[in-house]
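Participant: Let me give you the structure first, and then I'll get to my questions.
The values are calculated or read from the model by the stated rules, or taken from the named source; none is laboratory data. Please read these numbers as outputs of a predicted model, since none were measured by experiment. All Cβ positions, glycine included, derive from the backbone under ideal geometry; neighbour counts span all protein chains shown.
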Amino acid sequence: MDDLEFRTRAFSNPSDQQEDFRAAADASPERRKLMGELNDFEHQLQRTLGSVDIPAGLKRKLTQHARPASPLRSRGLLAMAASMVVATGLALNLFLQPGLSAQDLALHDELVEHLHQEAPVYQTGYDNGNAISWSQVETILTASGTALKSPEELAAMHMIFARLCGLAGSRSAHLVTRGVHGPVSIIFIRTTPVSRGVELRDERFHGRIIPVDEGNMAVIGEKNESLGRYEQMLRENIEWSI
Amino acid sequence: MSKSPVPGRNNSDNDRRRRYEALVDELYQDVFRYAYWLTRNKGIAEDLVQETFLRAWRSFDSLQNEKAAKAWLFTILRRENARQYERYRPELIDIDDVAVAEEHSAEPDHKQKQVELHQAIMRLDKDYRDPLLLQVIGGFSGKEIADILDLNNNTVMTRLFRARSKLKNILVPDADNEEAGEDLTDKITD
């Protein structure tokens with residue numbers, strides 16, 4: 001192995017354990033000196049690249065979504081949910097959905113509460129046959145960091161409500177269209193995706209929170225409303241931006 | 001007596017969770033270090049690592065060979081970084097933001113050298129920094145780095161050569177550091 005090749009391989013990978021390289025490294029005092037320098041440098045490099053503070057609690061956060069709610073937490077959530085039933089109509093069987101993380105449950109609860117708060121406003125619009133323009137919808141989508149690749153189908157629907165709402169700490173787009181049995185809410189929430197689809201459990205509404213790429217989409221309607229076509233239409237259609 | 005399907009399912013879920021937690025335990029620190037050096041921003045790195053492991057958990061069943069887990073995670077992380085952060089962020093290098101963990105035993109000279117090396121790595125061109133991070137933090141071979149970066153092996157080895165030459169030049173100016181490596185890609189083996 002000539003000096004040029006040796007030097008190139010030494011710089012590319014000073015820890016190279018191949019026999020021909022190790023033999024070449026030992027072939028002259030100059031090469032041994034170079035390897036000594038490179039090994040010292042490699043040690044510094046490893047030390048520097050490894051000297052990064054790991055955020056406290058990171059490991060716990062990374063394993064949290066894989067853990068089922070503990071019995072203690074479930075009992076706590078059940079008690080809390082029971083106290084919310086009167087106000088929100090939240091059904092307790094949400095907790096029968098296994099594998100949901102604490103964040104998933106929190107998002108579910110926040111969403112149900114939000115729907116009950118907003119429902120009187122968009123229900124009036126529904127009852128009065130109100131309509132809003134597509135440009136109003138687009139303004140809300142843009143402000144929430146959401147875009148639709150092919151908005152034509154949604155734009156052709158009878159939209160009655162569009163508002164920017166604070167959900168899960170992010171600016172979320174809450175749209176409402178006219179369904180068969182009542183208003184249908186379509187909500188885009190740019191936050192950590194739920195672990196899997198979360199069925200909404202409520203006395204009035206039904207629907208799901210669905211993880212889509214970097215965020216979540218929720219399609220929610222009155223009982224008996226068929227929501228599959230909305231989910232199908234929107235699921236592959238969302239683009240998130242910051 | 002009828003058999004309930006539930007115990008089997010629970011065992012399977014528990015096993016999946018246990019394997020995932022073992023994976024987190026073994027690799028999360030290296031994944032975070034890589035994310036930090038890739039993004040050069042601790043906040044973004046933490047978000048990126050959380051997103052990476054969330055995606056890993058959701059498609060954990062697709063991981064057939066757990067020996068390949070590290071390359072799998074690094075690849076997810078790179079893809080997420082490109083998708084979510086890289087295209088929205090200009091290439092900002094804050095060389096004063098030296099987030100080197102405090103080494104209480106370090107002597108002033110050693111600490112100064114570490115800060116200089118940290119800043120030199122920050123200044124290194126992305127083409128050179130990327131394979132170096134994968135080699136030193138990830139412990140990947142040239143072939144594995146080539147697969148992750150979608151480059152050929154000789155290009156990777158040439159970039160590694162130049163990365164170390166440049167860093168060494170910054171720290172110990174020495175004109176002959178970079179004389180090789182220009183046309184030697186055919187001589188480099190993994």
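Participant: Can you name every residue in segment B:48-88 that is surrounded by fewer than 18 Cβ atoms within 10 Å (Cβ to Cβ), in contact (Cβ under 8 Å) with a residue 24 or more places away in the chain and acidic (D, E)?
Facilitator: Hits for segment B:48-88 are B:D61, B:E66.
Participant: Looking at segment A:31-46, can you tell me whether even one residue there is crowded, with 16+ Cβ neighbours inside 10 Å, in contact with a Lys or Arg (Cβ under 9 Å, 6 or more places away or on another chain), at pLDDT 75 or above and more than 9 Å from every other protein chain (Cβ to nearest Cβ)?
Facilitator: Yes, the conditions are met somewhere in segment A:31-46.
Participant: Only one of A:A173, A:A131, A:A168, A:A156 is within 18 Å of A:E239 (Cα to Cα) and aliphatic (A, V, I, L, M); which?
Facilitator: A:A173
Participant: Further, regarding this structure: Return the residues of segment A:187-242 that are of a type in the set (K, R) and in a loop (DSSP other than H, G, I, E, B); say none if nothing qualifies.
Facilitator: Within segment A:187-242, A:R190, A:R196, A:R201, A:R204, A:K223 meet the criteria.
Participant: Additional query: Give just the number: which of (1) closer than 21 Å to B:D47 by Cβ; (2) modelled with pLDDT of 85 or more does A:E214 not satisfy?
Facilitator: In the conditions (1) closer than 21 Å to B:D47 by Cβ; (2) modelled with pLDDT of 85 or more, A:E214 misses (2) alone.
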